[in-house]
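The values are calculated or read from the model by the stated rules, or taken from the named source; none is laboratory data. Keep in mind that this is a model prediction, so the values were computed, not measured. Every residue, glycine as well, gets a Cβ built from its backbone with ideal geometry; the counts of neighbours run over all protein chains shown.
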Amino acid sequence: MISSPLPHLFRSEIFRKNLSFTSLFRIRPAVFFVGLASLSAQPHAQAADIPLAIIGPHEYDLPVDFKPFNVLVQYGDGNAAGLSYNSQGARKPVGGSHTWAGMTKYVHFRSFDAIPHVGFAFEVIQTESYTLANGTNYGGLGGTISGPAVWFKPNKHSTFGIQTFLQTPSGTRDSLATHYWSNLSSFMFDYEWKHFSFDGDLGAIVNMTKHVDGQHSYKPGTTFHSNLRFSWKAHRVVEPFLAFDWQNTAATRDRTVQNWIDNSSSREVAMGVGAMFTLTRSISLTTRYSHSVEGRNTPETNAYYMKFVYLW
């Protein structure tokens, strides 16, 4: 543990009144990770990842009545999807790919004297990805995600809030751009016991229609998702946890001919294990492995996740 002086945030009397010693090491921003594959002229369900699957334990263990502070987060995951689920839910050795994805995120946290006992945050997230599939490989920057989150604490052990974000249709390569706007909104919660914690989210992603010159217009289906984390506070430095992730995506509609695209709806359930390492009062590293247990019309999850957090 680094013995350098704590940032001004941690020296705040208000902050100390609202956080226990344990939670002092576990301040976490709300996290937003979306695996949205761009649609081709003949689109089909091809989820790159379950939305928000990157979150770790204490993701929504958030304070209220605090001095403003900032967080920088780097996420990464690699998914070796050698198999994919067909429309009957059977795994087949086709349609898989190797993908590497990342997100760089800046978050500003603050509270307002005029609105006591409520916390606010605003995030700007840049997505990155690299894909190796079918004899091709390419990478670059995807869409940018930004928006606010707000929360309150029903009691000193729990947190409940809502977050809503907008994802741009842009990308440094045409294959990395979705070409449509998306809204990501979810409820988030956290509950802390002495030796355990439980937190997660329940949300939806609503997409606008994709318009590309010379092609049909498509309306991607709405995605519903949930991400749950249950951790054991084994040590102030190492905290193992279990992960559960679920997504269900409705079918894509061809707006040009007013038809639903066959086999374009999808679902997936994945479970995993990981550990969070609190390296200092302002730095932590979280790692995890997850694998699909059930799915339909989607590549399997066979992925390793990483999250690095720096707070000041």
Test: residue in region 261-270 that is closer than 30 Å to N70 by Cα, under 18 Å from the mean Cα position of the chain (by Cα) and among the β-branched types (V, I, T): no
Where a residue in region 278-302 is more than 30 Å from A251 (Cβ to Cβ) and its partner, wherever it lies, is of a type in the set (D, E) and in a strand (DSSP E or B), with Cβ under 8 Å and at least six apart: T278/E239
Given (1) touching a helix residue (DSSP H, G or I) at 6+ places or on another chain (Cβ under 9 Å); (2) within 22 Å of A204 (Cβ to Cβ); (3) surrounded by fewer than 18 Cβ atoms within 10 Å (Cβ to Cβ); (4) not basic (K, R), number of the condition G140 does not satisfy: (2)
Any hit, region 227-236, residues being of a type in the set (A, V, I, L, M), part of a loop (DSSP other than H, G, I, E, B) and under 30 Å from A90 (Cα atoms): no
Where a residue in region 153-173 is under 12 Å from G119 (Cα atoms) and its partner, wherever it lies, is charged (D, E, K, R) and assigned to a loop (DSSP other than H, G, I, E, B), with Cβ under 7 Å and at least six apart: T159/D61; T159/K153
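Does Q88 qualify as being more than 21 Å from L62 (Cβ to Cβ) and modelled with pLDDT of 95 or more?
No.
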Residue in region 124-134 that is in contact with a Lys or Arg (Cβ under 7 Å, 6 or more places away or on another chain) and surrounded by 15 or more Cβ atoms within 10 Å (Cβ to Cβ) present: yes
Every residue from region 119-141 that is touching a Leu at 6+ places or on another chain (Cβ under 7 Å), small (G, A, S) and without any contact (Cβ under 8 Å) to a residue 60 or more places away in the chain: G119, G140
Residue in region 212-228 that is free of Cβ contacts under 8 Å to residues at least 40 places away in the same chain and of a type in the set (D, E) present: yes
Residue within region 64-74 that is in contact with a helix residue (DSSP H, G or I) (Cβ under 7 Å, 6 or more places away or on another chain) and either of a type in the set (A, V, I, L, M) or surrounded by fewer than 15 Cβ atoms within 10 Å (Cβ to Cβ) (or both) present: yes
Among the residues listed as S170, S186, the single one being modelled with pLDDT under 95, among the polar types (S, T, N, Q) and under 19 Å from V124 (Cα atoms): S170
Qualifying residue in region 212-219 (condition: basic (K, R), closer than 15 Å to A53 by Cβ and not in a loop (DSSP other than H, G, I, E, B)): no
Long-range neighbours under 6 Å by Cβ, at least six apart or interchain, first residue over 25 Å from A114 (Cβ atoms) and in contact (Cβ under 8 Å) with a residue 60 or more places away in the chain within region 56-83, second crowded, with 23+ Cβ neighbours inside 10 Å and among the aliphatic types (A, V, I, L, M): G56/M276; P57/M276; E59/V31; V73/V309; Y75/I54; D77/A101; D77/A303; N79/A303
All positions within region 235-258 that are under 20 Å from H291 (Cα atoms) and among the small types (G, A, S): A243
Scan of region 145-174 for residues that are among the polar types (S, T, N, Q) and surrounded by 15 or more Cβ atoms within 10 Å (Cβ to Cβ), ordered by number: S146, S158, T159, Q163, Q167, T168
Qualifying residue in region 85-108 (condition: over 25 Å from S226 (Cα atoms), of a type in the set (D, E, K, R), surrounded by 15 or more Cβ atoms within 10 Å (Cβ to Cβ) and out of contact with any Leu (no Cβ under 6 Å at 6 or more places or on another chain)): no
Elements of type strands (runs of 3 or more DSSP E) in region 244-312, at least 1 residues being polar (S, T, N, Q) and surrounded by 19 or more Cβ atoms within 10 Å (Cβ to Cβ): 266-278, 283-296
